[in-house]
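Notes for the one structure printed next.
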Amino acid sequence: MKDLLKNKKILIGITGSIAAYKVFEIIKLLKEAGAEVFPVMTEKATYFVTPLSIEISCGNRVLIDMFQEPLSHIELAKKCDLFLIAPATANLINKYACGIADDLLTTTLLAFRGPVIIAPAMNWRMYQAAQVQKSIDYLKSIGVEFIGPEQGSLACGEEGTGRLVRAEKIFEAVVSALTEKDLKGQHVLVTAGPTRGYLDVIRFITNRSSGKMGYALAKVAKRRGAKVTLISGPSNIEPPEVDKFFKVETTEEMLEKVMESINSATILLMAAAPIDFEPEKIFNTKIEKNSINSISLRLCPDILKEISKLKKKPFTIGFSAEAGLNTERAKIKFKEKALDMIVLNDIMKKNTGMESDTNEVIIIYKKRNKFFEENTSLLSKEEIASLILSKVKELMLEK
Ligand SMILES: Cc1cc2nc3c(=O)[nH]c(=O)nc-3n(C[C@H](O)[C@H](O)[C@H](O)COP(=O)(O)O)c2cc1C
């Protein structure tokens, strides 16, 4: 999303860790999202990455020495919206916890009054040191956010907790810290991806749904402060960080999980594409090709229909993937399934619907007994998710 961090100024602090080279990927993501990035390095960081490369990738002058541009520590602290330290050494964490300000980075950190995110990277032995753990606990208690470190193989050849988390996760933490929490207090239940109907132990019926739209909705709802439960059919993409994540395979399993979580949900986004029909008989072996001529099918449960029978249900949004944008059919579905909103997208168009990273939809809802339709332009699925959630919030407030 190219405007996600538009007009945001991010201070990035780079310290003397072997993981410092990974900062280029983080800077790239921040800049692609429209942020202006101001780099500050420790003197030790310059052993690992060159100031020139940092300067070029940020597009802003890199500062290292406190006396390079006197008062830069105050100027930077005043003008920036967020301070990210990635990677953060044990040394930096301990110094920050004690309020030490003996170089430009620590001095600027002490002067900074906005949100601070620290992404540590170090050998697991250093990470486990009582001093480091105490500093982290203290910094968390005064509102500093930590992301990672992760468990995995470390640069020194050992295994353990100390790896810098992936650039995408650090980027998401930055975006989340700068996003208004307008969905705080909501429990958003999202379904995503396809389901499967097995024929035998290895063969099944499914569809081309990738889960991208549902995952985008879950990610954006979480970013905006909601508690998020994501129920997903098989998908190859990495799920976003949510409060609860359930993987299911069949439509029956999806229905069961939805019913388990629905009582506490305030918003239900049914972005999954569960299959409508499945083989009537499942063979518990691999069928030989000569032993079968035809497959009999039966209807799968209709999840939205089951939900429509509930006495108390959340604000419910259905998704309709149609060949062509037939709003009349979508409105019939809206009524039949007792929905509060339906999002229609055309699966026949290039760049929209299943598997695509982008989408163009029509949001249909009812106000004072009258249908309203809102067409979006071609946007990323995250942008579409944001528009849908804003509309949901608006309609819920009016209810
Ligand atoms: C090859 C090498 C790799 C290092 N990697 C790390 C690291 O990943 N994390 C860490 O906390 N310290 C690491 N250190 C130690 C720090 O560089 C050292 O504590 C330094 O004083 C940190 O200074 P700074 O926090 O001002 O950047 C490493 C040292 C060397 C020689």
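At a glance:
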quantity: Selected residue (only one of ALA330, ALA321 is in contact (Cβ under 8 Å) with a residue 12 or more places away in the chain, assigned to a helix (DSSP H, G or I) and closer than 24 Å to ASN207 by Cα); calculated: ALA330
quantity: Qualifying residue in the range 38-49 (condition: part of a helix (DSSP H, G or I), among the small types (Gly, Ala, Ser) and either more than 16 Å from the ligand (Cβ to nearest atom) or more than 11 Å from THR108 (Cβ to Cβ) (or both)); calculated: yes
quantity: Leading residue by the ranking (nearest to the ligand (Cβ to nearest atom)) among those in the range 102-120 that are over 23 Å from the mean Cα position of the chain (by Cα) and open to solvent by 10 Å² or more (accessible area, probe 1.4 Å); calculated: ASP103
quantity: Within the range 85-100, considering residues that are more than 6 Å from the ligand (Cβ to nearest atom) and among the small types (Gly, Ala, Ser), the one surrounded by the fewest Cβ atoms within 10 Å (Cβ to Cβ); calculated: GLY99
quantity: Which numbered condition GLY34 fails, given (1) among the small types (Gly, Ala, Ser); (2) more than 16 Å from the ligand (Cβ to nearest atom); (3) surrounded by 18 or more Cβ atoms within 10 Å (Cβ to Cβ); calculated: (3)
quantity: Condition broken by VAL62, with the remaining ones in (1) open to solvent by less than 10 Å² (accessible area, probe 1.4 Å); (2) within 24 Å of the chain's Cα centre (by Cα); (3) within 16 Å of the ligand (Cβ to nearest atom) satisfied; calculated: (2)
quantity: The range 125-183: number of residues that are in a loop (DSSP other than H, G, I, E, B), of a type in the set (Gly, Ala, Ser) and away from the ligand (no atom under 13 Å from the Cβ); calculated: 1
quantity: Residue in the range 121-139 that is open to solvent by less than 10 Å² (accessible area, probe 1.4 Å) and among the hydroxyl-bearing types (Ser, Thr, Tyr) present; calculated: no
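To keep it simple, each residue is scored yes or no on (1) of a type in the set (A, V, I, L, M); (2) open to solvent by 30 Å² or more (accessible area, probe 1.4 Å); (3) not assigned by TED's automatic domain parsing to the domain that holds LYS212.
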{"site": "GLU322", "(1), (2), (3)": "no, no, no"}
{"site": "LYS333", "(1), (2), (3)": "no, yes, no"}
{"site": "LYS337", "(1), (2), (3)": "no, no, no"}
{"site": "SER356", "(1), (2), (3)": "no, no, no"}
{"site": "ILE362", "(1), (2), (3)": "yes, no, no"}
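The values are calculated or read from the model by the stated rules, or taken from the named source; none is laboratory data. Note that the coordinates shown come from a computational prediction; the quantities given were computed from them, not determined experimentally. No Cβ is skipped: glycine too gets one built from the backbone with ideal geometry, and neighbour counts run over all protein chains shown. Just the protein is used for accessible areas: all its heavy atoms, side chains included, with ligands, DNA and RNA removed. Shrake-Rupley method; radii C 1.70, N 1.55, O 1.52, S 1.80 Å.
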